[in-house]
2 protein chains.
Amino acid sequence: MPKTPFRLALFALLLGAAAAPQGAVLSPGEIVAAAPADAWRPVAPENLLVMDIAGGAQVTIELAPAFAPVHVANIRALVRAGWFDHGSIERVQDDYVVQWAGADEKRALPAGVVAHPPAEYERPLAGLAFRPLASRDAYAAQVGHGDGWPVANDGRLAWLTHCYGMVGVGRDMPPDTGTGSELYTVIGQAPRHLDRNIALVGRIVEGIEVLTALRRGTGDLGFYTDPKQHTAIVRVRIAADMPASERPRFEVMRSDAPSFARYLDARANRRDAFFVRPAGGIDLCNAPVPVRRRR
Amino acid sequence: MPKTPFRLALFALLLGAAAAPQGAVLSPGEIVAAAPADAWRPVAPENLLVMDIAGGAQVTIELAPAFAPVHVANIRALVRAGWFDHGSIERVQDDYVVQWAGADEKRALPAGVVAHPPAEYERPLAGLAFRPLASRDAYAAQVGHGDGWPVANDGRLAWLTHCYGMVGVGRDMPPDTGTGSELYTVIGQAPRHLDRNIALVGRIVEGIEVLTALRRGTGDLGFYTDPKQHTAIVRVRIAADMPASERPRFEVMRSDAPSFARYLDARANRRDAFFVRPAGGIDLCNAPVPVRRRR
């Protein structure tokens, strides 16, 4: 761990400076900064949730309709009906999850919300632009990235994985699959044992530190013991419903772009001067897909 | 993700209730709660650091002299010379590390501190009570637990791994190895690419949520941009130096205990009613070694 940022001109480069000298070994951050326009895909405004938190902070989520279409459609309908407005963050369990819900879980579901969605825990591998990772995985025969998402597969079916910042749907005991009226995100070591057991529906693309720095709940499973401890959600909007001038715009690196392959290689084999021994491999959840905000 | 704790009698059991009915499938927490006395080893008071944080919170760290003896001896000497008293937490990088230091990094090192310790990044596998994990790992030929620590090895050498809560020694560019005068802990997805590149010296056994809930630094590498944002360290003590009546006492589950094998199996194959598909494997850093405080 670098002792201070000031002695670290070389290491700090990986934070995004694109001014690497010709022929230099590029760090992961430099590769991302130098990636051409066609290495990126835009996040569709219909897939972007903008959550305003009390105090002015904002958390932005990309939805993944290609993996959980019914749950994602439910979430859009819930958001458009104002379900999460005046809601709250009610659970913060250290090294595990932050979970939030609408103002009143007992309200009738808005029109258009499917009360019992199918268990969208897997999808066919076919049809996904899948890029395998060479490294071994403790949980699946093969892992890698598909359409810019962290994905595991068994050769036939593919599923999103519970990496840091991924967003999933709270549910009760099976056969319940959750409607999307309660959501959570991962804030610690990837709880991959939840893969294929819960519908993952997206990932946080900006603002996760608003959630991860919240006081941990002291009740069972990290729920707060007193609603006064909750953090208020002011409102949640879909970017497509916001005036174009206010819409945040994000791009995700295409997992089939050559820049992405170089980025993964550089992350698995750190050649920065700080490192004495590159790892030669990388865990799927230690290879987050680059995301950038467009101004 | 369970929607609320109240509907979750079954799932909540894993939090520690030991009253499972005869013949029932035990959850990881139940196995830990039911483990016999000889499944545990005490943490030697000489290996326990007690860090008092401004506001009354406490963070407790177990040192690992079997892996980094010179660095650990340095840390003990630094603590006993008051190095960390009135120090500060100066870096909080989301999904990565929290880092802290003494009050003045430019002070002369106290007597007995080795200025240039060897690179204690590995040790012989021989001599370690190593229990391999069956699951595959992205970074090492074999991983598992040795003497109650998360360990990777190549058949000859063994090393501690950068799992959540592990504590390491900040250093400058190599050949610097750090003295122990700045320490960090992991607060996100295991940055295993740091394994064998930095000296790991222990783990947090209590109070990590004091650190993980701190506001993230906005400077390079998550350093705070203004010292006013630092969190003050009141003092750091070694439990052995505290009056016996004040000493915290901890026990770590022995990785060679049958209870530990059962715990790992239950974590890899969740049989709680919440799960529809047990994973059948587990990542090393998703198998934290149980630790308990003795009152």
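The values are calculated or read from the model by the stated rules, or taken from the named source; none is laboratory data. What you are looking at is a predicted structure, and each value in this text was computed from that prediction instead of being measured. Glycine also receives a Cβ, built like all others from the backbone with ideal geometry; neighbour counts cover every protein chain displayed.
Remarks
- Considering only residues in region B:239-295 that are free of Cβ contacts under 8 Å to residues at least 24 places away in the same chain, surrounded by fewer than 17 Cβ atoms within 10 Å (Cβ to Cβ) and of a type in the set (A, V, I, L, M), the one that is nearest to the other protein chains (Cβ to nearest Cβ) turns out to be B:V276.
- Between A:G202, A:G168, the distinction of being at the interface with chain B (Cβ under 8 Å from one of its Cβ atoms), over 18 Å from B:A190 (Cα atoms) and assigned to a strand (DSSP E or B) belongs to A:G168 only.
- Those residues of region B:73-102 which are within 17 Å of B:G165 (Cα to Cα) and either among the polar types (S, T, N, Q) or more than 14 Å from every other protein chain (Cβ to nearest Cβ) (or both), in sequence order: B:Q93, B:Q99
- Flag set for A:R131, criterion: in a strand (DSSP E or B), touching a residue at least 12 places away in the same chain (Cβ under 8 Å) and surrounded by fewer than 20 Cβ atoms within 10 Å (Cβ to Cβ).
For (1) outside the structural domain of B:G217 (by TED's automatic domain parsing); (2) out of contact with any helix residue (DSSP H, G or I) (no Cβ under 6 Å at 6 or more places or on another chain); (3) crowded, with 22+ Cβ neighbours inside 10 Å, each residue gets a yes or a no:
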position	(1), (2), (3)
B:V72	no, yes, yes
B:I75	no, yes, yes
B:D85	no, yes, no
B:D94	no, no, no
B:D104	no, yes, no
B:L109	no, yes, no
B:A115	no, yes, no
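- A single member of A:R247, A:R267, A:R292 is within 29 Å of B:I282 (Cα to Cα) and at pLDDT 95 or above, and it is A:R267.
- Restricting region A:173-190 to residues that are out of contact with any strand residue (DSSP E or B) (no Cβ under 7 Å at 6 or more places or on another chain) and facing another protein chain (nearest Cβ under 7 Å), the residue that is farthest from A:A141 (Cα to Cα): A:M173
- Across region A:32-40, a minimum of one residue is classified as free of Cβ contacts under 8 Å to residues at least 12 places away in the same chain, on the phi < 0 side of the Ramachandran plot and either of a type outside the set (K, R) or in a strand (DSSP E or B) (or both).
Here's the yes/no breakdown for (1) within 20 Å of B:G56 (Cα to Cα); (2) within 14 Å of the chain's Cα centre (by Cα); (3) in a helix (DSSP H, G or I):
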site: B:P175; (1), (2), (3): no, no, no
site: B:L183; (1), (2), (3): no, yes, no
site: B:Q189; (1), (2), (3): no, yes, no
site: B:L221; (1), (2), (3): no, no, yes
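- Scanning region B:25-80 for residues that are closer than 22 Å to B:D256 by Cβ and in contact with a Ser or Thr (Cβ under 8 Å, 6 or more places away or on another chain) returns B:I31, B:V32, B:A34, B:A35, B:P36, B:A39, B:L48.
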